[in-house]
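In what follows, a single structure is set out as structure tokens and then discussed.
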Amino acid sequence: MAQPRGQFSSKIGFLLAAAGSAVGLGNIWGFPTQAASNGGGAFLVVYLFLAFILAYPALMAELTIGRYARANVITALEGLSSNSSARRAGQFVGIAAVAVAVFILSFYAIVAGWMLAEFFSPLAAKLKATNVELWLDDTSFTRNALVCGLMSILTAAIIARGVEKGIEAWSTRLMPLLFAILLGLIVYVLIQPGAMSGLAAYLIPAPSQLLNPQLILSALGQAFFSLSLGVGTMLIYGSYLRDTDNLPRMGVSVTLLDTGFAFTAGLLILPAIYVADARGIAVFSEAGHLIAGPDLIFQVLPALFDSMGSTGSWVAIAFFALMSIAALTSAISLLEVPVSVCVERWQITRPTAACLSGGLIFLISLIIVWHFETLFNAVITATTVYGQPLLGIALCVFAGWVLHRHQLLKELSQGHPEIEHTLFWKVWPFYVRFVCPALIILTFLQSLR
């Protein structure tokens, strides 16, 4: 017997869950360091512009397909057309989206586990548990497996509770906490020597950089990927929306929350980089490039926290609590992709589906950890450089070409009866058909260079 589908009980619940999906580790260090490496304020201006002319229309494609189909990503895409070729194509794209989500979560859980280890390490130091601290600081297979396993258990436990009691309930708890910690850290960092230089670099654009092709393409990619587009997470969340919800307004709200959080994260990371530089900590590589990614998180910032004395350990605890929460909120949405397939297509109970899917992904994570040098970067490249852009194009094609115009209008009109007369309806169908795929292809080709 088919199990009843979950549904978000409130608009704020959906918005915080969707924001939690979009706001992840990449937003906290990916966006700020991209900005620092690509013109600072100029990157920020271009990113905010592109978030609404590219990412928002693509987000609307996923939300609309999701609510129209009321199903997991495979069933949703498969059922958009009665044409046998379109159905097979939909099934293939849906399976590919699930596979990409699974492999993204398999490496994401490893990085999230590192964040947990970095969070517990200064706590152990405060408690004088020296052996525990040393074990947490050691990058052994055992440590990586255990902290990854802990993050996997937390994610599966939340997903097992369902949409309202799991995803929505925990998103409404975690996201305000995430923002409160972020604001507290920003206030502390901004009063440190060197912070104002970082703030100026972040907020004051150089007009000559605004039309830099490399900067535009980097901002384009960041705007698209920061909203968790291309793997079906927003499609699934859209399928849990109520018929009375105004989809265009919801899409705008999610885009504003995501870009607003990315902007706010920049107010922490960019000044922190310059504070570290003012304290004599190396923030540039030998080639003169700004240190970014894992090296920033696990080398530069911990060195900065160490230079702050006893206060630094509390700052480190708060910072890695922030990173752990961000990782968990994104992991929740990724795990929901395979779990929804198990529940709806194979009639597996949600707790069992969460355990099976989470367990399988954890096993893949263990294989990656065991063969780290060979697999870690390869999985990241295969999923984020190749998988997400290609799936993003496919989802725009399904929304713009497979789902008929009258079906789109009917679905969007449920929560917005006057939409046919709005600027959105006059522009978006054309945009999602032609402009979004073209811009995503441009970004994809640039990523291959």
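Using alpha carbons only, how many angstrom separate the centre of segment 30-74 from the centre of segment 383-414?
14
Give, as ranges by residue number, the residues of segment 356-391 whose backbone N falls under 11 Å from the point 7 Å along Cα→Cβ of GLU286.
none
With an 8 Å Cα cut-off and a minimum separation of 6 or more residues, compute the relative contact order for the chain in percent.
Working: 698 pairs, mean separation 152.8, N = 449.
Here the relative contact order equals 34 percent.
Amide H to amide H under 5 Å from VAL283: which residues, 5+ apart in sequence or cross-chain, H placed 1.01 Å off N in plane?
Here nothing satisfies the definition.
Which FRET efficiency value, to the nearest 0.05, do you get for HIS421 and PHE92 by plugging their Cβ-Cβ distance into 1/(1 + (r/R0)^6) with R0 = 45 Å?
Details: r = 37 Å, r/R0 = 0.83.
So, using R0 = 45 Å, E works out to roughly 0.75.
What is the P(r) of the chain, as percent of Cα-Cα pairs per 10 Å bin from 0?
4, 21, 32, 26, 12, 3, 0
Report the calculated FRET efficiency for LYS11 and HIS406 (r = Cβ-Cβ distance, R0 = 30 Å), to the nearest 0.05. Don't skip to the end; give the middle numbers.
Working: r = 27 Å, r/R0 = 0.89.
Plugging the Cβ-Cβ distance into 1/(1 + (r/R0)^6) gives 0.65.
With n ≥ 4 as the cut-off for DSSP H runs, can you work out [θ] at 222 nm for the chain, using -39500 (n - 2.57) per run divided by the number of residues, rounded to the nearest 500?
-23000 deg cm²/dmol
By a straight-distance test (C-alpha under 27 Å), which lysines pair with LYS165 as possible cross-link partners, with residues fewer than eight away in the same chain excluded?
Filter leaves LYS11.
For GLY415, enumerate residues with amide H under 5 Å from its amide H, sequence gap 5+ or separate chain, H modeled in the peptide plane.
Hits under the 5 Å cutoff: LEU247.
Give the aspartates and glutamates reachable from LYS410 as a straight Cα distance under 20 Å; neighbours fewer than 8 places away on the same chain don't count.
GLU62, GLU78, ASP243, ASP245, GLU418, GLU420
When a/c is below 1.5 the answer is rounded, else prolate if a/b is larger than b/c, else oblate, so apply that to segment 331-400 with a ≥ b ≥ c taken from the square roots of the Cα gyration tensor eigenvalues.
oblate
Bear in mind these aren't lab numbers, they're just calculated from the coordinates by the rules spelled out. Source: prediction; values computed, not measured. Cβ: placed from backbone, ideal geometry, glycine included. Neighbour counts: every protein chain shown.
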